[in-house]
Structure formats: C-alpha cells, structure tokens
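A short write-up of the structure that comes next.
The values are calculated or read from the model by the stated rules, or taken from the named source; none is laboratory data. Since we're looking at a predicted model, the values are computed, not measured. Glycine gets a Cβ as well: all are built from the backbone with ideal geometry, and neighbour counts include every protein chain shown. Please note that ligands, DNA and RNA were not included when accessible areas were found on the heavy atoms of the full protein model with its side chains. Shrake-Rupley method; radii C 1.70, N 1.55, O 1.52, S 1.80 Å.
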Amino acid sequence: MKSAQLQVASRKRWMRLIPLVFITYSLAYLDRANYGFGVAGGMGEDLNITAGVSSFLAALFFLGYFFFQVPGAHYAEKKSAKKLIFWSLILWGGLATLTGMATSVEWLYPIRFMLGVVESAVMPAMLVFLSHWFLKEERSRANTFLILGNPVTVLWMSILSGYLLKAFDWRWLFIIEGLPAVLWAFIWYKLVNDRPKDAKWLTDQEKKNMESVLQEEQAALKPVKDYREAFKSKQVIVLSIQYFTWSIGVYGFVMWLPSIIKKASHMDIVATGWLSSGPYLLAVISMLTLSYFSDKTLNRKTFVWTSLLVGAVAFFGSFMIGTSNFWLSYALLVIAGGAMYAPYGPFFAIIPEILPRNVAGGAMALINSMGALGSFVGAYFVGYLNGLTGGPGASYIFMAGSLLISALLTLTVKKPVAASVQQREVVSS
C-alpha cells in the first residue's frame, strides 16, 4: 500500500511542482543573461561603456551572487524557501527593469551587483526545496528540470531578444523581460508549499508516506554536526573547486557568445540570436538524457567528468579551426555548450547523498557560491581576452583549460553509496 501511495504522490509532485520550479528559475536566468544581448544591441554605445568596463559589469553580478549563498540556504532550510523566493522574484524583476532605465554607466554598477545579491538565494533555496519534495532516485531529474530553466531560457531569450532589439531598443529589452518575474511571484506564493506535510493537495496517507521515506534516507547518512564540519569535508572542498573551474567555462560562454558570433559571422542581431540558441537546444536534450540515466544507475560522477571533458575538447577544436571555417567552428561551440550544461542534474544530486539535511543545503550553497566566483572570473576574463586579442581564440583556450581541470577534479570525488533495493522499489513509478 505504501508503494502505491508513493507512486500516486510522485505523479502529483512532478505535475504540480516541477513546472513551477522550472518557470521560476527560467525567469531568474532571463534577467541575468540578457546583459550580453543588451551590450551587443547598443547599450555599450549609448552609455559609452568600454570593453573593460563591459567585462566588469558582466562579472559584477556574480560578485554579488557570491556573498549570500549560505545565508539563503540556511533561511530556506530553517524557515521558508517559499517566502525567500517570493521576495527574490519581486526584487530581481524590479532591478532588471531598472537596467533599462539607466542613463549612465554609473547606474549599472549598483544594479548589477544588487541583482546578483537578490538572485544569490534562489539556486540554493530551490535545491533545498527540491530535497524536501523528491527522493534520492528522483533527485537528478528534479535538479535537471530546475536547471533546465537555464538553457531553455537562453534558447528562447536569444531569439526573442534579437527581435525585441530590432523592434525597439535595448532599454525596452530589459523592461519587457524584467516585469514577468514580479507578476510570477504571486503565482509562486499561491501554489507552492515548503514541505509535503503542508500540502492540501496530498492526502494524509501520501504525506505520511513521503515524510517516512525522506526520514529513512536521512537516517542512512552519517551525522554531521554543523556547517563548519561539513565545509571541512574533503568532498565538499573538491566539489567547490571543481564547480569554480566549471563555472568559468559556462559563464564565459553564456555572457559573450552573442558578441563572439556577431563579430565572427558578420550577421545582424536577429540572425545572431538564432545562432546563439543552438548550444542551448543541445543542452536541453543532453541534460534530460544524462539525468535520466544518472537516476537509473545512481552513477553521478561518470556523467559529470565525461561531459566536461567533451566540452573542453570542443572548445580546443574550435580554437584550432579559428576563423578559417565559421560553420565548423560554430558546430564545435554548440557541442561545447551542450556538454557543459549536460551534467548539472547529476552534479547537484551528489551532496544530498553524502551529507544529511541539516548541512546539505549549506554545503550546496558553498559550492554554488564558489561557482559564482568562477562565473565572475569567466565573465570578466573572457570579455577581457576578447578585447585584448581582438578575437575569441585566447578565451576558447581559457575555457577549455578550466573545463579540463574540472573534469579531472571530478574523478577524485568518491562515489556515493547506492540506494537499497527496497528504496528503489518504493520510489519507482
């Protein structure tokens, strides 16, 4: 009876919560990633933003994002992820809209930094939220649908932004793309519950069974006293450094892809938007595929390091081809982008499988904050290298090297212990 009840609850959870999580993170990513299109679409010229300042502004978001990860995760675990994300939606939507109203570059410094501060709570809060609702053998897929908001958003945002820039200008781009987050905040608050026990759309038996299996998972983990003990764990330290180097490649790519393509192809902004969407289409397919097999096998590490290695090789191949063959070089960039995104679901499933709930959220936040620091480095130095050398070649090598280091670090992570056969049966649906 317990297994049947869990199967019913599983369908309810996936149908109700995953679309809400996906849309929320999509809106967060929309309001951080459209900066690259704003720069390519005239903001730099209108506000007299130099190449160096543009790189710093792109990176400044991640500096703000770095500082408030752990407090956000702590609040989500101890208080309410639902409330934290509600206020974050309102604030980041307002800040994104303010970007479109900037009359000088000085406006952009506090806006970009505060946008990072506000959004810093979202990722760890969402990971904590999902750990309260999804079981071990579901978690890679649940994480993937969360992070899928990233490439899916960039995919359609790349196309939409091209058309918005052509029809209006960069100001309206930020204004139009910032307002939906504010409106969505109220939908999120109305439909989401922090834990299964609070959900009116589950029966009492379904709530009881869910809480029981989640508690069994926690009981199987070695107790960890507090954040200090967790943060000193070799596994957490390695994963933090690994995610730092991984994020250098990802955000160097995301922030500067439109500018790189526009310069290399000599196409207009609409065509640039369509071409910029290519890597994210492959990312969606690869993320769904890897997360499915990761949950089936409970093998997280292999899917992570092999994907990152493919990304590194693809970047290096694009560098070797250079400007001699734009379309082949572009195809390798598509592969690099898809490979970098593919293993997010398995990666963020590792920590809840090796640390108990009282510290897992904080550990994920620490790792994500190191990713933010890597994103700062990637966004700044890729833009800096592009401006310094007049082309993307040096930045391709920089991103390839970062991904290679990340892949090698992943190999040193110990494989989490697999779930029991009994657990596999009760969560199967």
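If you add up the charges near residue 386, with Lys and Arg at +1 and Asp and Glu at -1, over every other residue whose beta carbon is less than 14 angstrom from its beta carbon, what do you get? It would help to have the intermediate numbers written out before the result.
Values: positive: 262, 263; negative: none.
Cβ neighbours under 14 Å give a net charge of +2.
Note on the chain: dipole from Cβ charges, positive end direction compared against 308, 19, 278; the farthest Cα belongs to 19.
Largest GNM mean-square fluctuation across 92, 170, 184, computed for the chain with C-alpha springs under 10 Å, falls on 184. A straight line joining the Cα centroids of region 47-67 and region 160-179 runs 20 Å.
Please tell me which of these pairs span more than 31 angstrom C-alpha to C-alpha: 200/234; 207/234; 79/208; 207/296; 79/232; 166/190?
Details: 200/234 41 Å; 207/234 36 Å; 79/208 21 Å; 207/296 25 Å; 79/232 25 Å; 166/190 36 Å.
Cα-Cα > 31 Å for 200/234; 207/234; 166/190; rest within.
Other residues lying with their Cβ under 13 Å from the Cβ of residue 170 contribute a combined charge of -2, Lys and Arg counting +1, Asp and Glu -1.
Counting only C-alpha contacts under 8 Å and six or more residues apart, can you give the relative contact order of region 111-233 as a whole percent? List each step's numbers first, then the result.
Numbers: 34 pairs, mean separation 29.5, N = 123.
Averaging sequence separation for qualifying contacts and normalising by length gives 24 percent for region 111-233.
Summarising the overall dimensions of the chain from its C-alpha atoms, the Rg and Dmax are 21.0, 67 angstrom. Enter the angle in degrees (range 0 to 90, nearest 10) between the Cα long axis of helix 122-133 and the first principal axis of the Cα atoms of the chain, meaning the one along which they spread out most. With both axes taken from Cα atoms, the answer is about 20 degrees.
What the phi angles of region 302-308 give under the Karplus curve with 6.51, -1.76 and 1.60, with θ = phi - 60°, is a coupling list of 4, 5, 6, 5, 5, 5, 5 Hz, glycine and proline written as x. Placing a pseudo-label 7 Å from each Cα along the Cα-to-Cβ vector at residue 328 and residue 12 gives an inter-label distance of 5.7 nm.
Quick one: with all protein chains in place, what share of the accessible area of region 36-144 is carbon or sulfur, to the nearest percent (1.4 Å probe)?
Ligands and nucleic acids excluded, carbon and sulfur reach 68 percent.
Using the Kirkwood radius built from alpha carbon pairs, what does the Stokes-Einstein equation give as D for region 299-343 at 10 °C and 1.306 mPa s, in µm² per second? Intermediate values should be presented prior to the final figure.
Working: Rh = 10.6 Å.
Stokes-Einstein gives a translational diffusion coefficient of 150 µm²/s.
Can you tell me the relative contact order of the chain? Whole percent, Cα pairs under 8 Å, sequence separation 6 or more. Before the final figure, lay out each step's value.
Numbers: 774 pairs, mean separation 119.0, N = 429.
It rounds to 28 percent for the chain.
Normalised per residue, the accessible area of region 41-197 is 36 Å², obtained with a 1.4 Å probe and no contribution from ligands, DNA or RNA. For region 268-336, what % of the accessible area comes from carbon and sulfur atoms, probe 1.4 Å? The computed percentage sits at 77. Ratio of Rg to Rh for region 13-63: 1.21 [Cα atoms; Kirkwood radius as inverse mean 1/r over pairs]. Computed from phi, the 3J(HN,Hα) profile of region 160-166 under the Karplus parametrisation 6.51, -1.76, 1.60 (θ = phi - 60°) reads 4, 4, x, 6, 4, 5, 6 Hz, with x in place of Gly and Pro.
Once you keep just the Cα pairs under 8 angstrom separated by 6 or more residues, what percentage relative contact order results for region 67-126? Working shown, then result.
On the way: 51 pairs, mean separation 34.2, N = 60.
Once normalised by length, the contact order is 57 percent.
The angle separating the long axis of helix 269-297 from the principal Cα axis of greatest extent in the chain is about 20 degrees. If you sort the three axes of the alpha carbon gyration tensor as a ≥ b ≥ c, you get a/c of 1.5 or more for region 1-140 and a/b above b/c, which makes it prolate. Compared with the dominant Cα axis of the chain, that is its longest principal axis, helix 105-119 is turned about 10°.
Shape class for region 278-382, computed from the alpha carbon gyration tensor (a ≥ b ≥ c): oblate, with a/c not under 1.5 and a/b at or below b/c. Which aspartates and glutamates have a Cα less than 19 Å from the Cα of residue 301, not counting those fewer than 8 places away in the same chain? Within reach: 137, 138, 353. Applying the Karplus relation 6.51 cos²θ - 1.76 cosθ + 1.60 with θ = phi - 60° to region 64-71 yields 3J(HN,Hα) values of x, 5, 5, 7, 10, 5, 5, x Hz, where x marks Gly and Pro.
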